[in-house]
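Asker: Starting off with a structure, shown below.
The values are calculated or read from the model by the stated rules, or taken from the named source; none is laboratory data. Since we're looking at a predicted model, the values are computed, not measured. Here Cβ is always computed from backbone atoms with ideal geometry, including for glycine, and neighbour counts include all displayed protein chains. With ligands, DNA and RNA removed, areas are computed over all heavy atoms of the protein, side chains included. Shrake-Rupley method; radii C 1.70, N 1.55, O 1.52, S 1.80 Å.
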Amino acid sequence: MSKNVIFYFTGTGNSLKVAKDVAHVLGDCNVVSMPLVYTTHDEYNLFADVERIGFIYPVYGGPPNFVKKFVSELTLPKGKNIYYFVVVTCGIFKWKSISIIKDTLIEKGINLNAGFSIKMIANAIGLYNIADNVEKILKKAQVKINFVSEKIKSKKNNMIFDFDPLIALHDKFAKSLPTMDTNYNVSENCMGCKICSQVCPVKNIEIIHNKPVFKHTCEQCMACIHLCPSKAINYGNKTQNKKRYINPDITIKEIINGNNNVQEY
Ligand SMILES: Cc1cc2nc3c(=O)[nH]c(=O)nc-3n(C[C@H](O)[C@H](O)[C@H](O)COP(=O)(O)O)c2cc1C
Ligand code: SF4
Ligand code: SF4
């Protein structure tokens with residue numbers, strides 16, 4: 001039981017990096033992968049004595065499908081003394097990724113006190129290349145992470161401004177995500193190490209005859225494509241020669257550990 005609980009969703013570690021940094025600044029904090037709550041059913045124990053509850057996740061045109069489902073289904077404590085916050089990580093723009101979750105919380109009778117966005121590395125390599133200047137972008141992001149962490153520590157409220165003229169397109173995109181793994185292929189470089197199935201936050205990968213098989217409940221988080229040590233997983237013919245990415249402050253081991261255990265700070 002901690003005074004602070006942060007729920008996160010991550011593919012390539014940006015959102016976990018932010019969750020860890022905020023947790024370090026707050027202290028007395030449980031950092032919990034959202035999918036893990038469905039496995040452990042431990043939500044009630046997490047909230048005794050809680051002061052701050054946060055949700056940290058990437059932008060996929062809006063919030064990831066899993067995050068929308070998670071926040072709408074989770075039983076959350078109410079009360080003026082609990083500070084609720086959201087931090088989204090993105091490549092360029094946050095669209096309505098904060099206000100959609102804000103509205104979900106309002107439907108549950110909960111006020112979102114603050115929402116923040118942090119530009120990190122855009123990881124959708126089916127669409128583009130990973131930036132060349134990762135170090136420079138993340139140095140700038142670190143300044144914002146520190147700023148946001150202090151705001152959360154002092155329980156600052158803020159106004160959430162976001163807009164999305166492409167909302168219909170983004171809704172359609174979100175609906176198409178689960179089965180986009182039909183475009184994935186696995187090359188002969190696969191050595192059957194199972195890392196892809198362990199990093200997948202939503203257990204969408206089964207290893208059959210030493211090779212990953214995708215089960216069409218994909219979030220398109222890109223973890224399997226980026227973190228396969230053999231670069232054996234590809235999106236059609238779009239990713240074969242592209243650089244892979246993991247947030248440099250996060251290890252594959254940490255992502256796997258986070259998928260299975262609550263992390264205490
Ligand atoms: C399917 C998908 C859609 C994305 N859409 C957006 C977007 O609309 N705007 C944006 O700025 N970044 C977008 N990104 C980039 C991610 O939000 C960004 O890389 C994020 O920091 C990844 O977080 P993670 O490392 O915790 O998984 C998208 C990435 C993926 C995989
Ligand atoms: S992570 Fe890569 S090498 Fe390991 S099982 Fe998955 S596809 Fe094969
Ligand atoms: S199958 Fe790959 S892209 Fe889809 S959710 Fe799992 S790790 Fe993410």
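Asker: If Rh is defined by the Kirkwood formula over all Cα pairs and Rg also comes from Cα, what ratio Rg/Rh do you get for segment 177-235?
Answerer: Numbers: Rg = 9.9 Å, Rh = 11.0 Å.
Ratio value, two decimals: 0.90.
Asker: Along the positive direction of the dipole of segment 27-143 (beta-carbon charges: Lys, Arg +1; Asp, Glu -1; about the Cα centre), which of V67, I92, V31 reaches farthest?
Answerer: Result: I92.
Asker: Could I ask something else about it? Give, as ranges by residue number, the residues of segment 4-30 whose backbone N falls under 17 Å from the point 7 Å along Cα→Cβ of K243.
Answerer: 12-14
Asker: Excluding Y184 itself, calculate the net charge of residues whose Cβ lies under 12 Å from the Cβ of Y184, where each Lys or Arg counts +1 and each Asp or Glu counts -1. Working shown, then result.
Answerer: Working: positive: K211, K215, K238; negative: D181.
Within the 12 Å Cβ shell, the charges total +2.
Asker: Here's another thing I want to ask about it. Report the gain in length on full extension from T251 to K140: 0.36 nm times residue separation, minus Cα-Cα distance, nm rounded to one decimal. Write out the running numbers ahead of the final one.
Answerer: Values: separation 111, 0.36 × 111 = 39.96 nm, distance 2.07 nm.
37.9 nm is the gain from fully extending T251 to K140.
Asker: Next up: Per residue, what accessible area does segment 78-125 have, given a 1.4 Å probe and all protein chains present, in Å²? Walk me through the numbers before you get to the answer.
Answerer: On the way: 1940 Å² over 48 residues.
Roughly 40 Å² per residue, with all protein chains present.
Asker: I've got another one for you. Please count, across segment 54-98, the pairs of lysine residues with Cα atoms under 24 Å apart that sit 8 or more places apart or on different chains. Display every interim value, and only then the final one.
Answerer: Details: K68/K78; K68/K80; K68/K94; K68/K96; K69/K78; K69/K94; K69/K96; K78/K96.
The result is 8.
Asker: Leaving out ligands and nucleic acids, and using a 1.4 Å probe, what accessible area per residue does segment 177-235 come to in Å²? Intermediate values should be presented prior to the final figure.
Answerer: On the way: 2700 Å² over 59 residues.
Per residue, segment 177-235 has an accessible area of 46 Å².
Asker: Picking from C193, F116, A232, whose Cα lies most toward the positive end of the charge dipole for the chain (charges on Cβ: Lys, Arg +1; Asp, Glu -1)?
Answerer: It is F116.
Asker: Something else: Work out from phi, with θ = phi - 60° and the Karplus expression 6.51 cos²θ - 1.76 cosθ + 1.60, the ³J(HN,Hα) of each residue of segment 59-68, listed in order in whole Hz, and give x for Gly and Pro.
Answerer: 8, 10, x, x, x, x, 3, 4, 5, 4
Asker: So, one more: So what is the 222 nm mean residue ellipticity for the chain from helices alone, if each DSSP H run of at least 4 adds -39500 (n - 2.57) and you divide by all residues, rounding to the nearest 500 deg cm²/dmol? Could the numbers behind the result be given before it?
Answerer: Working: 10 runs with 91 residues, N = 265.
Calculated at 222 nm, the ellipticity per residue is -9500 deg cm²/dmol.
Asker: Run the accessible area of the chain with a 1.4 Å probe and give the carbon-and-sulfur part as a rounded percent.
Answerer: Working: 6830 of 12690 Å².
Of all accessible area on the chain, carbon and sulfur atoms account for 54 percent.
Asker: Find the relative contact order for the chain and round it to a whole percent, using C-alpha pairs within less than 8 Å whose residues are 6+ positions apart.
Answerer: Working: 485 pairs, mean separation 61.3, N = 265.
23 percent.
Asker: I'd like the per residue volume of the convex hull spanned by the Cα atoms of the chain, given in cubic angstrom. Walk me through the intermediate numbers first.
Answerer: Working: hull volume 31.5 nm³, N = 265.
Output value, Cα hull per residue: 119 Å³.
Asker: Now, a different point. Checking the cross-link filter: which aspartates and glutamates have an alpha carbon closer than 17 Å to that of K144, excluding same-chain neighbours under 8 positions apart?
Answerer: D21, E135, D249
Asker: Magnitude of the Cβ-charge dipole of the chain, K/R +1 and D/E -1, about the Cα centre, nearest 20 debye?
Answerer: Using Cβ point charges on Lys, Arg, Asp and Glu, the chain gives about 560 debye.
Asker: Sticking with this structure for a sec: Return the lysines within reach of K242: Cα separation strictly under 17 angstrom, same-chain partners fewer than 8 residues apart disregarded; answer none if there are no such residues.
Answerer: K231
Asker: Okay, next question. Which value in nm describes the separation of the simple spin-label points at T179 and S154, placed 7 Å from the Cα toward the beta carbon?
Answerer: 5.1
Asker: Using the Karplus curve 6.51 cos²θ - 1.76 cosθ + 1.60 with θ = phi - 60°, work out ³J(HN,Hα) for each residue of segment 9-25 in order, rounded to whole Hz, and write x for Gly and Pro.
Answerer: So the J values, rounded to whole Hz, are 10, 8, x, 10, x, 4, 6, 5, 4, 5, 4, 5, 5, 4, 4, 4, 5.
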